[in-house]
1. Could you check segment 51-70 and list, in sequence order, the residues that are part of a loop (DSSP other than H, G, I, E, B) and of a type outside the set (S, T, N, Q)?
2. Exactly one of (1) more than 23 Å from residue 19 (Cα to Cα); (2) open to solvent by 30 Å² or more (accessible area, probe 1.4 Å); (3) away from ligand 2 (no atom under 14 Å from the Cβ) is unmet by residue 67. Its number?
3. Looking at segment 74-90, is at least one residue within 17 Å of residue 117 (Cβ to Cβ) and touching a helix residue (DSSP H, G or I) at 6+ places or on another chain (Cβ under 8 Å)?
4. Could you please find all residues in segment 82-98 being touching an Asp or Glu at 6+ places or on another chain (Cβ under 7 Å), open to solvent by 30 Å² or more (accessible area, probe 1.4 Å) and within 16 Å of ligand 2 (Cβ to nearest atom)?
5. Any idea which residue in segment 35-75 is nearest to ligand 1 (Cβ to nearest atom), counting only those that are of a type in the set (Lys, Arg) and under 21 Å from residue 15 (Cα atoms)?
6. Here are some residues: 45, 121, 101, 51. Which one is within 16 Å of ligand 2 (Cβ to nearest atom), touching a residue at least 24 places away in the same chain (Cβ under 8 Å), open to solvent by less than 60 Å² (accessible area, probe 1.4 Å) and charged (D, E, K, R)?
Amino acid sequence: MSDTLQTIKCPACNKEMIKVFVPEEGINIDICLNGCGGIFFDNREFKKFDEKAENIDEILKAIEGKTFALVDESLPRTCPVCGSKMVKNYSSANRTIQIDECYSCGGKFLDNGELQKIREEFETEAERSQATMRELYDTVGVKLREMDEQRAEAYSKRPPVSRLFQALIYGGRPHF
Ligand SMILES: [Zn+2]
Ligand SMILES: [Zn+2]
């Protein structure tokens, strides 16, 4: 879904969000300037601002000097664009910052200050994907080791070869 021109209500505090134009990208970002300071990004917009080297001057200018209402970040949220239930996910493999994502339209909602924290997490996109790969490797690696252990255990439960041999010689099924 592309940039929405309709006014949307903040999924955290229900105040009308304000459109902040980012000329460099030619897009509007919705910021809850009169409420909690949360930011809503349409599908793919977030990728243009999540790295340290990317320019967020327009966003910083808009929120500068403002005091924002505190909100309960753990509450479930509804996507202000399409009305779907948003899902809380960690922004990266570091598992420090949770953001709300809409799986239907791809929108993302960040609470006040989260964008700045996310940008500080990694120097480059390469570092970010490296962390993701490391985490994947850790998870898959543990799973594989578990499978190995289970298999080893299964093998150890097999009847000893000697008994099988006995059954072969004396006939019938081996009883254990
Ligand atoms: Zn808000
Ligand atoms: Zn949505």
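The values are calculated or read from the model by the stated rules, or taken from the named source; none is laboratory data. All figures in this text were calculated on a predicted structure; none of them were measured in a lab. All Cβ positions, glycine included, derive from the backbone under ideal geometry; neighbour counts span all protein chains shown. Areas reflect the complete protein model, heavy atoms only, side chains present, ligands, DNA and RNA absent. Shrake-Rupley method; radii C 1.70, N 1.55, O 1.52, S 1.80 Å.
1. Answer for segment 51-70, where residues must be part of a loop (DSSP other than H, G, I, E, B) and of a type outside the set (S, T, N, Q): 51, 52, 53, 54, 56, 64, 65, 66, 68, 69, 70.
2. (1)
3. no
4. The answer is 87, 88, 89.
5. Filtering segment 35-75 for residues that are of a type in the set (Lys, Arg) and under 21 Å from residue 15 (Cα atoms), the one nearest to ligand 1 (Cβ to nearest atom) comes out as 66.
6. None of the other options fit; the residue is 45.
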